[in-house]
1. With the Cα gyration tensor of the range 452-536 giving a ≥ b ≥ c as the square roots of its eigenvalues, does the rule (a/c under 1.5 for rounded; else a/b larger than b/c for prolate; else oblate) give rounded, prolate or oblate?
2. Name the shape class, rounded, prolate or oblate, that the alpha-carbon gyration tensor gives for the range 166-307, where a ≥ b ≥ c are the square roots of its eigenvalues, rounded holds for a/c under 1.5, and otherwise prolate holds if a/b is larger than b/c and oblate otherwise.
3. Only Cα pairs under 8 Å and at least 6 apart count here; give the relative contact order of the range 433-650 as a rounded whole percent.
4. Using the per-residue mean of other Cβ atoms lying within 10 Å as a proxy for protection, in what order, highest first, do the peptides 682-692, 279-289, 867-877 fall?
5. What number results when the radius of gyration of the range 433-650, computed over Cα atoms, is divided by 2.2 N^0.38 Å?
6. If you split all Cα-Cα distances of the chain into 10 Å bins from zero, what percentages do you get per bin, shortest first?
7. Sorted by average packing, counted as other Cβ atoms within 10 angstrom per residue and highest first, what order do 148-155, 371-378 take?
8. Starting from 0.36 nm per residue, how many nanometres of slack lie between residue 829 and residue 109 once their C-alpha separation is accounted for?
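Taken together, the values in this text are just the output of simple stated rules run on the coordinates, not laboratory data. Bear in mind the structure is a predicted one, so any value in this text is a computation, not a measurement. Cβ: placed from backbone, ideal geometry, glycine included. Neighbour counts: every protein chain shown.
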């Protein structure tokens, strides 16, 4: 049972390092913990993973990882059996496991945070008996064998908060501020409650946590007996985060959770009394969850109708089966706070669910069925359209946005879990340290890393980055076909003058060359900079994946605020009230650039962070680091998935999407730099028109207040941008939080989300902002004010849509991606004008002009044509007499399947483009084997 000394919680709610209390959150969490503690004290002392006796490569590889700036001789990898654990299902292994966890003077009780004592605590297959909690330490990856997941089995007299205690209460407070618990994982375990009395509300994992953390591939095997009180995962606070591939069998509550925001994917609940009890939230995304044979699905009614605790929840691509009540809400026409309880359902199927959505107290809001049906779109909260002058409060069905086919797998959004390469033999992995890289943070490892990446990729092997800090002094190129996996977040760290020219930016890591096709898989690593690196672009992504998308999982960018960065509190202290810039603290030009030629990239649990505080200081002291830009996507072909991503503390913007399309984003989270407006944006950077940088001098002309602050999200001239939850936060004004103290004045900055230019199918669910006066602006005009959308702490809009319009064909000679639009050309089925039929990613249903152009370019062709909404043709010359249609664009009148705002030819008509210098007047045509030139007037 749980020790009775835990009686209360005093939470300092931190905004990624800003140490300030949020009274509303503190009060809610105090109440949550009290209820949970009383439940534990009063208690008495299905589905599973298929187990194979197959060894796992990581268990057998040579373990050479180091901590470059940690204690001498520090051990990163710890196999629990090397510390005396037996895993025999009989021996109490608790002490041995905690010995493995704690060895080497790690960051535990009394330590605020640290990057210098990372660890992998590895569990071979077996059953490990626990009589008390495994107490997690900072910067830890707990990993089990995915081929035969180890079982953690609690004793009947278990003492502790959970099987795994992710942030222990040594006092009335959590050991670490839960919004500063970064860089940790738990994956590949089974939690066995069979010895635990059903009256105990013991949880499997206690997980108050923040960004760059994850739970993956876990099974919670709880009692399904009547009266069971078992809990799967419990979290009372934090600023997270990501979970995926979790299964909860039996128990009273599968997921009992409160946090600022979370993205959760592929959760399965079988025979649980209440699958999910949402304690509180600002914003949340549940994607691909399955709730089977439960009594209640998701309860978001905490606090009741006059004091709701849950800000917003979005549920997509999910299924409820044989569950009498799907969702319980406290929202109604007069509930408080005004927009709390905002809820969106999209593509949610129900089968034998009597009440789909129920008002707390019993009123049915959405009738279910004894059979099967799909809820295409249903929600509650405030709604805005493209020309709204104020919110419309709604509770009921709505028409969901059109989903681009290129983003789908069947009728749901594509997703892919982080590969663990469990089926590969040890011989398929090549270690960078074995190949000569040192990883000591001092040696220049550029040549050694490039050599092993090239040779391993050519051999079809996986590159294994042993734990360490790998200093590079010129760009590291990742070629197509590369598979790269890291051990407890090894760091690629740029250093030196090559990356310090603000007028000549250079990528630290470059994935593919411009226009290059191919696929890359990259997981569990960090890219950073050392000292002044004013021209460093941390990651440049050029690759256009064909077929299976490329992937980044748990790959983070961390600029400053850690040992070895030369960007800590002693180098870059905050200077409130002083706009002078320390040039030694200009640490990055841009965090990630997805270039025009890139496409088809899946990003999951990726945190791009310019540090606001020093993780290795004893008190998480705030610092001032300058990074120009966050994540910039200008891919013309598009097709990107951003699942559980966050971008923080960059000068001009956090996310910027320009001239792109077909982007899934859920849940995205940002923070504005704490130092702004002292100085204001773009200082210390300049506006670069070729990068579509925001020009604050122009956009803020004539405006009062704090206009020249970084955009949280900026979308320009783009199509099919589908945002399933966004938290855009501005907590500070020159390091003061008085501007964000809910319920007002919310004036840390004037604007935070900008829509500009020609836009089609821009859809935003559950947008939450903090400290911002205008929640959405379109072409400089405010569409929504915070005052109309007050929520539990942020301000929330449940649903915004931009509407859709069709762009007519461009005039001949117009330039797109460096290609000229030549006009509407004739075609004949038996004698094609362009002889090569070309497929595009996502197939005919995903056809766009940009996708066809990119496919033709990648195959080496200089002429591309789209026809019949869905066909793509390529060649290097016109053939069979094909030419300009005499009726001009009249019969090029069919919308592209993948972008209804574009024209993709018509019936036997090609919308034709050629890759020549824009404004060129010459197009090569082939007739009877001879070349002729066709002159076009442009």
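1. Cα axes put the range 452-536 in the oblate bin.
2. rounded
3. Numbers: 637 pairs, mean separation 35.5, N = 218.
The value is 16 percent.
4. In decreasing order of mean packing, 682-692, 279-289, 867-877 become 279-289, 867-877, 682-692.
5. Details: Rg = 16.6 Å, N = 218, 2.2 N^0.38 = 17.0 Å.
Cα Rg divided by the expected 2.2 N^0.38 Å: 0.98.
6. The distribution over the chain is 2, 12, 22, 25, 21, 12, 4, 1, 0, 0, given as percents.
7. 148-155, 371-378
8. Values: separation 720, 0.36 × 720 = 259.20 nm, distance 7.39 nm.
Difference between extended and current length: 251.8 nm.
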